[in-house]
Structure formats: structure tokens, C-alpha cells
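The values are calculated or read from the model by the stated rules, or taken from the named source; none is laboratory data. Because the structure is predicted, anything quoted here is derived from the model rather than measured. Using ideal geometry, Cβ is built from the backbone for each residue, glycine included, and neighbour counts are taken over all protein chains shown.
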Amino acid sequence: MISKDRFEKRIIVTGGAGFIGSNFLRRAVPRYRQYLFVNIDCLTYAGNLGNLKTVENDENYVFEKIDVRNDELLADCFEKYDVNAVIHLAAESHVDRSIIGPEAFIETNIRGTFNLLELARRRVHDFRFHHVSTDEVFGSIEDGLFSELSPYNPSSPYAASKASADYLVQAYHKTYRLDTVISNCSNNFGPYQFPEKLVPLTIRNALLKKEIPIYGDGGNIRDWIFVEDHCRALDLIFHGGRSGNTYNIGAGYERPNLDIVTGICRIIDRMLGDGPRERLITFVGDRPGHDRRYALDSSKIKSELGWEAVESFDQALENTVRWYLDNQEWLDDCISGEYLKYYEKNYSRRRN
Ligand code: NAD
Ligand code: TYD
């Protein structure tokens, strides 16, 4: 049984078994032994507890298999751990899935955020609520950069659901004086990303010598950031962000999709020496509502909180490719679904 009284903060991290959440927890749990981290995740296809092996037995970490759509279980959890902060990452996160089936995005990303806000509101005097959001809320930009003051103009059901959640968080700050911060980050890449997103999908297909699909003409531009730079930014914003504020997080590495894919093919060719893999690139029909360009102005987090992206893009991409090469079992398990059994095998019999 966890003795919650000895922890200065009792923080619910939602979506901690996903890509960014697990990168965040592997960094934060050893770093902040004075905090208890309660990982709430319902383990969708994107949730993999195997991502958390390095912290799963730590005394200031606990996992609760809870769906953020379930307000009763959430309420019990808030009570059980006397929670005084939330870092909210749980979401349906893939644009293509949101186009095929938007409902889960509405339920998890909007209703789930609402459920958490309602519980936070009851503890308003001693609570920080950090919503981890995306640059996709701003839509596409031809020239220039999005600032924190740019109007929201979401294109996909995913982006619209995240924008709705941001608005709810802002409303709870204004109406109920809840201490909130929102971070809007650009496209992440790095270890433990589910191989449906562009970077890990390309690495996997390149390794298997399967076709690598490029939507449209491949000229769509994203502002890429290495996941560890994002996690450092989350730490700074959670601890030092001004209440009621939003912070953009972007490293400024703007690249067209075709450059990303070509770059990955060349890195793997160099590492394995059996290319060229570029011939696997296959242009396919465009994504409906496909945003042409994302680009963020991150001067606010730099000047207020001293954040900088420390990883160079080329080095981070190289390291990422190396990680997937060294962890092909992890990739295979994602595809076969084997990773979903990790909870049953290692966790479900345990008591918290
Ligand atoms: P992910 O899809 O890898 O992980 C999402 C996690 O949330 C999974 O562990 C999943 O099991 C869990 N989850 C989903 N629905 C849930 C529910 N109803 N209840 C409880 N848990 C649930 O996503 P990610 O890429 O790690 O993104 C994390 C957050 O960061 C999301 O809110 C996303 O919008 C935001 N974000 C992501 C990026 C990016 O490039 N990946 C960029 C900016 C912001
Ligand atoms: P993605 O990784 O899905 O992130 P997001 O849609 O949140 O930006 O896609 C990144 C870019 O890559 C986006 O412009 C769509 C494109 N893309 C492809 O061209 N082919 C693919 O197979 C995927 C998954 C994405």
C-alpha cells in the first residue's frame, strides 16, 4: 500500500503508457522522488506498459488501469491518492484514425478532459492542471509562425477535439479559477512511438522493405521535435508556467515529409548497407483536409522558462533510427499485438 502522505505532490499522469507519456515518466519518476506519479491509462492499442519497465517497480510510481471516460473510477482515484495535480496526455492521437472514426476522439479527448476538470474543480485551492495539447489546433499556415495568440482553426476531427479540450481548460481557469497551463507542441519523434505515425512507420517499412506511403506530393511541412525535448518542456511548464497561460513548444526543424522519409531511408542504408530504400517510396492519395504546413513561434517558452531544443535534428533522427533497429522486437510486438498482453502477464495480479 502506497503511503501517499509522504509525497509533496500526488500527480496523475494520464496516458502514461503511450509514446510521450512513457518518455515523460521514465524521465520524471527518478528525477522527482518527492512526487508520487499515478499513471492512469486504459491501454488502448497505443498504450504499452512495457515502455515503463525502468520505473514500474519504483516507490513513487503506480499504475491504475482507468479509462478517462469513466468519471466514477477517476473520482475514486483522486480520493485514493489525494491528488493535487494532473498532467493530461491521454488521448486518441492519430489524425488518420480520427478521419475514419471520429467518435472515440470526441469521447476521450473532450469528455475525458471534462471529467478530469470536474474533479480538479472540487480541489481548486490546491491543484495544478496541465493539458498537453498540439499545434494542430491552429490549422495550416502558409508563411510565418503560429504564436500563442493565433486563432484556432482545426482541420481534422483529432485537431478539433484537442481544440475543444483546450477551450474547456481555459474556461475552467476563467470561471472556476483553476490553476491551469496548456502546452501546444509540434510533431514529436523518438523511441517508443507507435508505428502508425510517419517516422516509426517509415522505419518499420524500410526495415521490412515494404512500400513507404507518402500522402499527396510529399511537400507537406511539419515542425519536428525530438520527444525528449518535449518532455523537458513539459517539466518546465508544469513547474514554472504562469497560471492560465498557454505555451507553444517547437524546435523549428521544419521539414517536408519527403525529406523525412528520404533521410530515414538513407540512414538505414548506411547502417545496414543493403539499400537503396528510397525506391520503396510510394505516392498515394492525399489525406482529406491535409494541413500543408505547421510552424510554431516558441519564443515565449524560451524567454520565460529558458527552454531550448538541445538535440540537433539530424542527430536525434539518427538516434531514433538506431533505437528502432536495436528494438525490433518492440516493433514486432506492436504489429502482432503481443505487447497488449504485458499487462495481463506482469501487472494484473499485482496489488498497488
Ligand atoms: P499515444 O497515442 O502514443 O498515447 C496515448 C495514450 O493514451 C495511450 O497510452 C492510450 O492507451 C491512452 N489512452 C487513450 N485513450 C484513453 C482513455 N480513454 N483513457 C485512458 N487512457 C487513454 O499519444 P502520444 O503521441 O503519446 O500523445 C500524447 C499526448 O500528446 C496527446 O494528448 C496528444 O494529443 C499530444 N501531442 C502529441 C504529439 C505527437 O507528435 N505525438 C504532438 C503534440 C501533442
Ligand atoms: P503523422 O505522423 O500522422 O502526424 P500528423 O498528422 O499529426 O502531422 O503525419 C505526419 C505527416 O506525414 C503528415 O503530413 C501526414 C504524412 N504521412 C504520410 O505522408 N504517410 C503516412 O503513412 C503517414 C502516417 C503520414
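Key figures for this structure:
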quantity: The lone exception for SER243 - which of (1) more than 10 Å from ligand 2 (Cβ to nearest atom); (2) within 29 Å of THR54 (Cβ to Cβ); (3) in contact with a strand residue (DSSP E or B) (Cβ under 9 Å, 6 or more places away or on another chain); (4) outside any strand (DSSP E or B) it fails; calculated: (2)
quantity: Test: residue in region 17-25 that is under 24 Å from SER164 (Cα atoms), within 16 Å of ligand 2 (Cβ to nearest atom) and surrounded by fewer than 18 Cβ atoms within 10 Å (Cβ to Cβ); calculated: no
quantity: All positions within region 137-176 that are within 30 Å of ARG123 (Cα to Cα), assigned to a loop (DSSP other than H, G, I, E, B) and over 21 Å from the mean Cα position of the chain (by Cα); calculated: LEU149
quantity: Residue within region 264-279 that is in contact with a Cys (Cβ under 7 Å, 6 or more places away or on another chain), in a helix (DSSP H, G or I) and either farther than 30 Å from ASN57 by Cβ or more than 16 Å from ligand 2 (Cβ to nearest atom) (or both) present; calculated: yes
quantity: Residues located in region 122-131, provided they are of a type outside the set (Lys, Arg), surrounded by fewer than 19 Cβ atoms within 10 Å (Cβ to Cβ) and touching a helix residue (DSSP H, G or I) at 6+ places or on another chain (Cβ under 9 Å); calculated: VAL124, PHE127
quantity: Matching residues, region 96-115, being hydrophobic (A, V, I, L, M, F, W, C) and near ligand 1 (Cβ under 10 Å from one of its atoms); calculated: ALA104, PHE105
quantity: Subset of region 37-58 [among the aliphatic types (A, V, I, L, M), away from ligand 1 (no atom under 12 Å from the Cβ) and part of a loop (DSSP other than H, G, I, E, B)]; calculated: VAL55
quantity: Residue satisfying condition, being within 16 Å of ligand 2 (Cβ to nearest atom), buried (at least 24 other Cβ atoms within 10 Å of the Cβ) and hydroxyl-bearing (Ser, Thr, Tyr), within set SER161, SER156; calculated: SER161
quantity: Among the candidates GLU278, GLU228, GLU211, residue that is under 27 Å from ASP332 (Cβ atoms), among the charged types (D, E, K, R) and within 19 Å of the chain's Cα centre (by Cα); calculated: GLU228
quantity: All strands (runs of 3 or more DSSP E) inside region 177-218 with 1 or more residues being out of contact with any Leu (no Cβ under 8 Å at 6 or more places or on another chain) and more than 9 Å from ligand 1 (Cβ to nearest atom); calculated: 179-185, 212-215
quantity: Region 92-121 residues that are surrounded by 18 or more Cβ atoms within 10 Å (Cβ to Cβ), paired with ones that are at pLDDT 95 or above and acidic (Asp, Glu) (beta carbon under 7 Å, 6 or more apart); calculated: SER98/GLU92; PHE105/GLU92; THR108/GLU92; ASN109/GLU92; ASN115/ASP71
